[in-house]
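Chemist: Mind having a look at this structure? Questions to follow.
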Amino acid sequence: MDIFYNPDGIGDVLILPLDDADCYEVKHENIGDITKITKEDGTVVGYNLFRASTNIDLSGKGKIALTEDLLNQLKDVFQKQGVQDSLDIDLSPKFVVGFVKTKNPHENADKLSVCQVDAGDELLQIVCGAPNVDAGQKVVVAKPGATMPSGMKIKPTELRGVPSNGMICSQKELGLPDAPKEKGIYVLDDSYRTGEPFEF
């Protein structure tokens, strides 16, 4: 998960996004240096931490990976500021190397395949429309909870009535330089280890 810190553009504010929401349908609650942003139903969309460089130890700018250390610092700040929210955030990697164990035709769509993908710590069923996907491949998997470079969030869904938990990615979807224009997933070589984080 990423947090965002752009002191040159918006000032000394750390942005902690947790969910999508229409900016016209959110509420803001200010508690000390923290602004809590929620939907109308109370679902937390995210937090803004003002005077961020004073409150926590920040060494980077722009998009910053939320580490266990940073999360613990944020929890301390929340406690000191009187914010009772627990900040139970899953920090496990959301882009990992997967191994396609099986590929079967989708029962309701000719151009879709139903794949069972070993993601290291779990077996994910992923519906994939790429023409080059096949059993025995190592691929890049965006697990539920991942945010694609386009801003799209990966969530469990159903495609033509079949559950799908994640996405097998192409180089273009990952925003990699010199990505091929042809449709197709990014097939990795055997130097990659199933389940390891895919850094890009």
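Chemist: Any residue in the stretch 57-69 that is aliphatic (A, V, I, L, M) and touching a Lys or Arg at 6+ places or on another chain (Cβ under 7 Å)?
Modeler: no
Chemist: Those residues that are modelled with pLDDT under 90, part of a loop (DSSP other than H, G, I, E, B) and open to solvent by 60 Å² or more (accessible area, probe 1.4 Å), I need them from the stretch 1-25; list them, please.
Modeler: M1, L18, D20, D22
Chemist: Of the residues that sit in the stretch 27-63 and are among the β-branched types (V, I, T) and exposed (fewer than 15 other Cβ atoms within 10 Å of the Cβ), which one is modelled with the lowest pLDDT?
Modeler: In this case the residue turns out to be T43.
Chemist: I would also like to ask the following. For S92, indicate whether it is touching a helix residue (DSSP H, G or I) at 6+ places or on another chain (Cβ under 9 Å), over 16 Å from F4 (Cα atoms) and not in a helix (DSSP H, G or I).
Modeler: It is false that S92 is touching a helix residue (DSSP H, G or I) at 6+ places or on another chain (Cβ under 9 Å), over 16 Å from F4 (Cα atoms) and not in a helix (DSSP H, G or I).
Chemist: Quick one: in the stretch 78-118, of everything that is over 30 Å from I37 (Cα atoms) and basic (K, R), which residue is surrounded by the fewest Cβ atoms within 10 Å (Cβ to Cβ)?
Modeler: Checking each candidate, the answer is K111.
Chemist: Exactly one of these conditions fails for K153: (1) in contact (Cβ under 8 Å) with a residue 24 or more places away in the chain; (2) at positive phi; (3) charged (D, E, K, R). Give me its number.
Modeler: (2)
Chemist: Scan (1) part of a loop (DSSP other than H, G, I, E, B); (2) touching a strand residue (DSSP E or B) at 6+ places or on another chain (Cβ under 9 Å); (3) within 30 Å of V45 (Cα to Cα) for the single condition V140 breaks and write down its number.
Modeler: Going through (1) part of a loop (DSSP other than H, G, I, E, B); (2) touching a strand residue (DSSP E or B) at 6+ places or on another chain (Cβ under 9 Å); (3) within 30 Å of V45 (Cα to Cα) one by one, V140 breaks only (1).
Chemist: Can D85 be described as acidic (D, E) and out of contact with any Phe, Trp or Tyr (no Cβ under 7 Å at 6 or more places or on another chain)?
Modeler: Answer is no for this residue.
Chemist: Do we find a residue being in a helix (DSSP H, G or I), of a type in the set (K, R) and under 19 Å from D19 (Cα atoms) anywhere in the stretch 70-84?
Modeler: Yes, the stretch 70-84 has at least one match.
Chemist: Which members of the stretch 119-137 meet the condition of being crowded, with 19+ Cβ neighbours inside 10 Å and part of a strand (DSSP E or B)?
Modeler: Once the filter is applied, which keeps residues that are crowded, with 19+ Cβ neighbours inside 10 Å and part of a strand (DSSP E or B), the stretch 119-137 yields L124, I126, V127, C128.
The values are calculated or read from the model by the stated rules, or taken from the named source; none is laboratory data. Given the structure is predicted, the values throughout are model-derived calculations rather than measurements. Virtual Cβ from ideal backbone geometry, glycine too; neighbours counted across all protein chains shown. Keep in mind that these areas ignore ligands, DNA and RNA; they rest on the heavy atoms of the full protein, side chains included. Shrake-Rupley method; radii C 1.70, N 1.55, O 1.52, S 1.80 Å.
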